[in-house]
Amino acid sequence: MTAPLTITQASCADDYDPNSMPVAKARAFIHQFLTPISGIARVPVRDALGRVLAEDIVSPVNVPAHRNSAMDGWTMRFADLAAGTPLTEVGASFAGKPYTGAVGPAQCVRIFTGGVVPVECDTVVMQERAQAEGKSITFTSGQKKGQNVREAGEDLKAGAAALAKGRIVKPAELGLIASLGIGEVAVARKLRVVFFSTGDELKSVGSTLAEGEIYDSNRYTLHGMLTRLGCEVIDMGVVVDDPALLERAFRDAAAIGDVVITSGGVSVGEADFVKQLLQQLGEVVFWKIAMKPGRPLAYGKIGGAHFFGLPGNPVSVMVTFYQFVRDALLTLQGVTPLPVQPLLKAVCTSPIKKAPGRTEFQRGVLYAEDGVWKVRVTGEQGSGILKSMSDANCFIMLHDHVGNVDAGATVDVQILEGVV
Ligand code: AMP
Ligand code: MG
């Protein structure tokens, strides 16, 4: 086995330019260093919602367990139907209450959805295709052998893998697991993510602001995004721009977290001193990403913890989180395959000014009009305007090579809902 690549080695590659890092390349760079965490918890099925399966779930039973009817109607031998004469109803099979008698020639059984199909029978005719006169039942022509019969194991055969390790448990998975009679599942332990904000100007909610100070909002958006992604969230508060305090915070965070996330302090002017500090503490690369917003970004390892140094601007924090951190956290949780972030085409109804050479993530509102998906920008797009994120339901993703966008042009759109 070859020794794993270090972050510094990877950053010495020929085409590596920290001052103009394309979005896709930064994502791929980070991805090389992500190995899923280990550790399993066994939880009751309902508590597995939103968690990641740590083991395959193998079906202990056939689903459905018995051959049963997909319709309300009558069940019979198909050969008897073909004779064209009325059949005699000899009993009924309800869901959970099977017919226990025999079914002879020219006989049929009244059956309801989910009712067990007697062994002699092979076909169900829905009641809308039948006419009953007492116990004498006539069926319309055109029936097919085997119709409306659900075979045992048709959904899942006993011994087959029902769900693979790495799947996120959503409502359908909860139901599927319950349908197998399984009451407890193994899920990956929660990823522990520690974060703090940096900046002398930041105050926490609850204190009054002096001139030039602002409330720290990044810890709130991060709390929300991380919680939605199923992480264990540890909020270390605000750390002022002081080397000794920052060093202490980085050390403490890396000691308890699988992942450390900070916001602020990685922009030009502030980066130098954080850079020096992180060079002593770990292995971290600082990038200017060819994107807007979210230009400065740092990634690395501090001890065993992954480190993401996000920009300070509130919108930049969210955009870089969506583009880089989200997939990394899912990968660390062992999620496979990664849930797709669909890129949809929509007609852009606002003209947008844009210089080629970087990827832009404009905040947009996607809406349907006359059966066509359209998107407009939310208004002011400054990277400090958090309302633009709140008003948005998508990013309008304008790729590197794209220049100005005219109203009416087709653009790519990333939907925000359900992504974190
Ligand atoms: P920085 O990246 O530290 O230079 O910060 C860029 C901008 O984002 C500055 O205007 C900061 O005041 C602002 N900012 C940084 N951190 C936060 C935060 N936690 N909450 C709100 N705004 C912030
Ligand atoms: Mg700052």
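The values are calculated or read from the model by the stated rules, or taken from the named source; none is laboratory data. Since the model is a prediction, treat every value here as computed from it, not as a measurement. Virtual Cβ from ideal backbone geometry, glycine too; neighbours counted across all protein chains shown.
Details
- Some residue of the stretch 215-225 being at pLDDT 95 or above, polar (S, T, N, Q), farther than 25 Å from residue 359 by Cβ and more than 13 Å from ligand 2 (Cβ to nearest atom): no
- Filter result (touching an Asp or Glu at 6+ places or on another chain (Cβ under 8 Å) and either in contact (Cβ under 8 Å) with a residue 60 or more places away in the chain or within 16 Å of ligand 2 (Cβ to nearest atom) (or both)) within the stretch 362-397: 388
- Flag not set for residue 250, criterion: assigned by TED's automatic domain parsing to the domain that holds residue 325 and either more than 25 Å from residue 323 (Cβ to Cβ) or in a loop (DSSP other than H, G, I, E, B) (or both).
- Subset of the stretch 237-255 (residues that are in contact (Cβ under 8 Å) with a residue 24 or more places away in the chain and within 16 Å of ligand 2 (Cβ to nearest atom)): 237, 238, 239, 240, 241, 243, 246, 249, 250
- When the stretch 253-274 is filtered for residues that are crowded, with 16+ Cβ neighbours inside 10 Å, assigned to a helix (DSSP H, G or I) and more than 16 Å from ligand 1 (Cβ to nearest atom), only 254 remains.
- Selection count, the stretch 255-304, where residues are within 21 Å of residue 331 (Cβ to Cβ) and aliphatic (A, V, I, L, M): 11
- Lone qualifier among 52, 43 - being out of contact with any Phe, Trp or Tyr (no Cβ under 6 Å at 6 or more places or on another chain), buried (at least 19 other Cβ atoms within 10 Å of the Cβ) and modelled with pLDDT of 95 or more: 52
- Single residue of the stretch 275-295 satisfying the filter (touching a helix residue (DSSP H, G or I) at 6+ places or on another chain (Cβ under 7 Å) and within 13 Å of ligand 1 (Cβ to nearest atom)) that is modelled with the lowest pLDDT: 294
- When residue 238 is tested against (1) near ligand 1 (Cβ under 10 Å from one of its atoms); (2) closer than 28 Å to residue 417 by Cα, exactly one condition is not met: (2).
- Residue, surrounded by the fewest Cβ atoms within 10 Å (Cβ to Cβ), within the stretch 113-139, restricted to residues that are part of a loop (DSSP other than H, G, I, E, B) and over 48 Å from the mean Cα position of the chain (by Cα): 134
- Every condition in (1) assigned to a loop (DSSP other than H, G, I, E, B); (2) within 16 Å of ligand 1 (Cβ to nearest atom) is met by residue 147 except one, and the failing one is (2).
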